[in-house]
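The values are calculated or read from the model by the stated rules, or taken from the named source; none is laboratory data. Here the structure is a predicted model, which is why all the values come from computation and not from measurement. Here the Cβ is made from the backbone with ideal geometry for all residues, glycine too, and neighbour counts use every protein chain on show. To get the accessible areas, we keep the full protein, side chains included, count just its heavy atoms, and leave off ligands, DNA and RNA. Shrake-Rupley method; radii C 1.70, N 1.55, O 1.52, S 1.80 Å.
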Amino acid sequence: MDGTTSILVIDDHQLFREGVKRILDFEKDFEVVAEGDDGEDAVALVEQYHPDVVVMDINMPHTNGVEATANLVEKFPDVKVLILSIHDDESYVTHALKTGASGYLLKEMDADALVEAVKIVADGGSYLHPKVTHNLVREYRRLATGDVGQSVGTLKDVEYRKPLHILTRRECEVLQMLADGKSNRSIGETLFISEKTVKNHVSNILQKMNVNDRTQAVVVAIKNGWVQVR
């Protein structure tokens with residue numbers, strides 16, 4: 001995305017909201033154009049400011065983030081919503097995504113993760129907090145290998161093998177760590193490479209696997225037996 005990304009921040013906790021605003025305003029290509037403290041504010045503020053991304057808490061007293069997301073997506077289909085939450089349970093995540101959110105980030109995130117998530121969502125991608133991704137992957141694996149009917153799939157019969165026919169050995173390592181729910185920073189520390197190098201590897205993986213985001217990459221990798229779900 002070219003130019004400045006305009007952002008609306010919605011959170012009922014003022015101190016947390018101000019912290020998020022400071023982090024985002026520190027980025028030269030970001031501008032927080034408005035803020036609010038409830039989902040009811042979101043529709044009016046989006047209508048007034050036309051932000052590219054809405055960063056919104058999921059738990060608010062009157063209209064929660066999921067309800068507000070549904071209203072926003074219905075009235076402003078082009079707006080991207082990034083949900084902030086303390087909940088890493090897959091039911092919260094799937095509900096938010098089905099409603100139309102483009103990303104789901106846990107409030108335990110660091111500043112770099114917040115910035116990365118906003119950039120990805122603004123560019124039209126999807127972002128899930130690494131811990132959330134890992135929980136979803138585990139649930140996907142449980143359903144696909146459990147006693148829930150023959151139509152679900154038979155991942156237990158898929159033989160694990162590295163996808164060396166399309167990825168380099170280093171990219172295979174990175175893909176496995178994505179499935180393990182590791183962040184870019186954690187991957188870099190484990191492999192003794194810079195975070196920028198990790199981002200380059202992830203970008204190459206997405207391109208080679210012909211997927212849009214890291215979550216899709218992990219799901220495809222599981223289906224093909226390219227990673228181990230631990």
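Based on the Kirkwood radius over alpha-carbon pairs, what is the Stokes-Einstein translational diffusion coefficient of the chain at 20 °C with 1.002 mPa s viscosity, in µm²/s?
Numbers: Rh = 18.5 Å.
The estimated diffusion coefficient comes to 116 µm²/s.
Taking the chain as a Gaussian network, Cα atoms linked when under 10 Å apart, which of 192, 30, 16 shows the biggest mean-square fluctuation?
It is 192.
With every protein chain kept in the model, how would you rank 87, 129 by accessible area, 1.4 Å probe, largest at the top?
87, 129
With everything on Cα atoms, drop me the angle between helix 14-26 and the longest principal axis of the chain, reported from 0 to 90° to the nearest 10.
70 degrees
So, counting K/R as plus one and D/E as minus one, what does the shell of residues with Cβ under 9 Å around residue 35 add up to?
After counting each charged neighbour, the total is -2.
Which angle between 0 and 90 degrees, to the nearest 10, do you get for helix 195-209 versus the longest principal axis of the chain when only C-alpha atoms count?
It works out to around 70 degrees.
If we count every other residue with Cβ under 11 angstrom of residue 168's Cβ, Lys/Arg +1 and Asp/Glu -1, where does the sum land?
Every neighbour counted, the sum reads +2.
How many angstrom separate the Cα center of region 107-130 from the Cα center of region 157-191?
Answer, in whole Å: 20.
Can you figure out the FRET efficiency of residue 44 with residue 87, using R₀ = 35 Å and their beta-carbon distance, to the nearest 0.05?
Details: r = 26 Å, r/R0 = 0.75.
The pair residue 44/residue 87 has a calculated efficiency of 0.85.
Could you give the dipole magnitude of the chain about its Cα centre, charging the beta-carbon of Lys and Arg +1 and that of Asp and Glu -1, in debye to the nearest 20? Could you put the intermediate results ahead of the total?
Working: 26 positive and 37 negative charges, 318 e Å.
Value, rounded to 20: 1520 debye.
Quick one: Debye curve from the alpha-carbon atoms of region 60-108 only, equal weights, vacuum; give me log10 I(q)/I(0) at q = 0.14, 0.20, 0.22 Å⁻¹ to two decimals.
The calculated log intensity ratios at q = 0.14, 0.20, 0.22 Å⁻¹ are -0.31, -0.62, -0.74.
Size of region 153-222 along its principal axes in angstrom, Cα-based, largest extent first?
37, 21, 20 Å, listed from the longest principal axis down.
So if we plug the beta-carbon distance of residue 224 and residue 108 into 1/(1 + (r/R0)^6) with R0 = 41 Å, what FRET efficiency do we get, rounded to 0.05?
So the FRET efficiency works out to roughly 0.85.
Just reorder 214, 170, 22 by solvent-accessible area, largest first, 1.4 Å probe, all chains present.
Largest to smallest exposure gives the sequence 22, 170, 214.
Per residue, how much space in cubic angstrom lies within the convex hull of the C-alpha atoms of region 3-133?
Convex hull of Cα atoms, per residue: 89 Å³.
As a test question: what accessible area, to the nearest 10 Å², does residue 45 have when a 1.4 Å probe is rolled over all protein chains in place?
Answer for residue 45: close to 30 Å² accessible.
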